[in-house]
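Okay, structure first, notes after.
Please treat every number below as a calculation from the coordinates, not as lab data. Quantities reported herein were computed from a predicted structural model and do not represent experimental measurements. Virtual Cβ from ideal backbone geometry, glycine too; neighbours counted across all protein chains shown.
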Amino acid sequence: MNRDKIQKIIDSIDQSNYAFKTDKQLVSYEDLSLMYKQKYGGRQPPQLREYKKRENGGCKLNEHLVAEIRNKYQPYVYGKLRLAREYGVSTSVIYRIIKKEIWK
């Protein structure tokens, strides 16, 4: 392909409705993000905080399951990856539970 054909293809993409909508969506997401950051000061919106409460079922684990995880964990025998798969959470969550960074 020569340079003119490539330039025509680029121009047709730039002028297409798809490119315009995508740019509009990106701008609107940036605006929304800035609005929420300013409104909540970088914290989670209150609606989500209420949803993620333990009582509302927003957590995958409860105190009983966390105690089970801590009892089952044995390095190189019953490890973090095995526990993560068993309980449906990530290995980083298991790590933080074992180190008592969360669910103290």
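Quick rundown of the values:
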| quantity | calculated |
| --- | --- |
| Using θ = phi - 60° and Karplus 6.51 cos²θ - 1.76 cosθ + 1.60, couplings along the range 73-90 (whole Hz; Gly, Pro as x) | 5, 9, x, 6, 10, 10, x, 5, 5, 5, 5, 4, 5, 5, 9, x, 10, 7 |
| Residues Arg3, Arg96 arranged by fewest to most Cβ contacts within 10 Å | Arg3, Arg96 |
| Among the listed pairs Lys37/Lys104; Lys60/Lys100; Lys60/Lys104; Lys72/Lys99; Lys39/Lys104; Lys37/Lys80, those beyond 25 Å (Cα-Cα) | Lys37/Lys104; Lys39/Lys104; Lys37/Lys80 |
| Around Leu81: net Lys/Arg minus Asp/Glu count, Cβ-Cβ under 15 Å | +4 |
| Charge sum, other residues only, whose C-beta stays under 11 Å from Ser90's C-beta, Lys/Arg counted +1 and Asp/Glu -1 | +4 |
